[in-house]
Amino acid sequence: MLYRNRLRRALALLDRYETAEEAWRTLDEPEMDACLKRAQQELEWIEEHSIRVWTLADEDYPYRLRQCPDKPLLLYGKGNLQPSEGHVVSIVGTRQPTQRGKELTEILVRELHERLESVTIVSGGAYGIDIAAHRAAIQYGVPTIIVPAHGLDRIYPLQHRPEAVASLEKGGLLTEFPSGTEPLAPFFVQRNRIVAGLADAVVVVESRERGGSLISAQMAVDYDRELFAFPGRPTDVSSSGCNKIIRQNKAGLITCADDLIDAMQWTKRDSGFQPVQTQLIGLRDDLSAQQQDLLQKLQEAEEGMHINLLVMETERPYGDVASDLMMLEIQGLVRSLPGGIYRFVR
């Protein structure tokens, strides 16, 4: 709440005064001294870590965010970020998705990639649908922007560090929070407005009736963004929130990427496009011998294998096997299923 109050005060000052310098001179001397000291620390950190910064005065400040009444004063970015280019789709949902939800997310990202000349996937990097969207984007070579609820001097949750690193090649990390900002609960809601504001369209894959992703959905409506949701059966608790916003006519019902593309009236790419090949063909030079061995075992097991069985068969430590499986999953070569089962992606 304190941060939001400061943001409102700063935006009000910028609206009142012609320049930031004039607004700055309204502060008293102790405030100036404290701000200058903190700013100097932040500048040194930015330069040391090659962080890109956007201010509202910059012409290349993401134009979709600029339209929002509570737009961030500053944005900190890391990676190859082009937040204003092409079509931007934000994908949100529950942190406890079903297998169906994760598969819908992967298929949506893949089909958007196959049908559109340019698309960027945005989400918050959290557990569940968020990370499923980022993983699918990385798997299919789609730019993806992770919007964390903290500064860029840390990754939360730490388990998602591989995806954060992988996103830097196409996309990256974007936040309004300076270094040193911890992932406190209020900041997750606050960052949701960036997830919604960056996008042309926001898609809710799965959400309970009071799910946190519905906050992002409402923000999308408030920002005049197009909102869509995948429906669920009336008995599906995990989709009750999606059914609710569809029933309230807040979200358009979609069942596939074509529904979204048609609703947005986007132009589809030439049908001669060849999708990314994810099937294993022979040995992979970019995999370790241990990863090759795991992949071979999973390729031969049509129903998948439990991680404990893989540990027994490879005679390797559990942590090492789990780490290799995670890297294989990030590359789109295997899929994790409920109950510790892993399956080769054919």
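The values are calculated or read from the model by the stated rules, or taken from the named source; none is laboratory data. Quick caveat: nothing in here was measured; it's all calculated off a predicted structure. When we count neighbours, we look across all protein chains shown, and the Cβ atoms used for this are built from the backbone with ideal geometry, even at glycine.
Could you check, for region 305-323, whether at least one of its residues is touching a Lys or Arg at 6+ places or on another chain (Cβ under 8 Å), in a loop (DSSP other than H, G, I, E, B), surrounded by 15 or more Cβ atoms within 10 Å (Cβ to Cβ) and not basic (Lys, Arg)?
Checked against the condition, which is being touching a Lys or Arg at 6+ places or on another chain (Cβ under 8 Å), in a loop (DSSP other than H, G, I, E, B), surrounded by 15 or more Cβ atoms within 10 Å (Cβ to Cβ) and not basic (Lys, Arg), region 305-323 yields no hits at all.
Looking for something assigned to a helix (DSSP H, G or I), in contact with a helix residue (DSSP H, G or I) (Cβ under 6 Å, 6 or more places away or on another chain) and surrounded by fewer than 24 Cβ atoms within 10 Å (Cβ to Cβ) - is there at least one such residue anywhere in region 150-158? If you could, list the steps in order and put the result at the bottom.
Going through region 150-158, the residues assigned to a helix (DSSP H, G or I) turn out to be 158.
Next, only the ones that are in contact with a helix residue (DSSP H, G or I) (Cβ under 6 Å, 6 or more places away or on another chain) stay: none.
No, there is no match, as no residue in region 150-158 is assigned to a helix (DSSP H, G or I), in contact with a helix residue (DSSP H, G or I) (Cβ under 6 Å, 6 or more places away or on another chain) and surrounded by fewer than 24 Cβ atoms within 10 Å (Cβ to Cβ).
Gly180 - would you say it is surrounded by 23 or more Cβ atoms within 10 Å (Cβ to Cβ) and at positive phi?
Details: surrounded by 23 or more Cβ atoms within 10 Å (Cβ to Cβ): no; at positive phi: yes.
No; evaluated as a whole, the condition is false for this residue.
Of the conditions (1) hydroxyl-bearing (Ser, Thr, Tyr); (2) over 24 Å from Tyr61 (Cβ atoms); (3) crowded, with 20+ Cβ neighbours inside 10 Å, Ser123 clears all except one; give me its number.
For Ser123, the exception is condition (2).
Could you check Pro275 against (1) surrounded by fewer than 17 Cβ atoms within 10 Å (Cβ to Cβ); (2) touching a Lys or Arg at 6+ places or on another chain (Cβ under 9 Å); (3) at pLDDT 80 or above and say which number it fails?
With (1) surrounded by fewer than 17 Cβ atoms within 10 Å (Cβ to Cβ); (2) touching a Lys or Arg at 6+ places or on another chain (Cβ under 9 Å); (3) at pLDDT 80 or above applied to Pro275, the lone miss is (3).
Among the listed residues Gly79, Gly93, which satisfies the condition of being within 16 Å of Val147 (Cα to Cα), among the small types (Gly, Ala, Ser), under 15 Å from the mean Cα position of the chain (by Cα) and assigned by TED's automatic domain parsing to the domain that holds Val221?
The unique qualifying residue is Gly93.
Filter region 52-71 down to residues that are touching a Phe, Trp or Tyr at 6+ places or on another chain (Cβ under 8 Å) and free of Cβ contacts under 8 Å to residues at least 60 places away in the same chain and give me whichever is surrounded by the most Cβ atoms within 10 Å (Cβ to Cβ).
Among them, the one singled out is Trp54.
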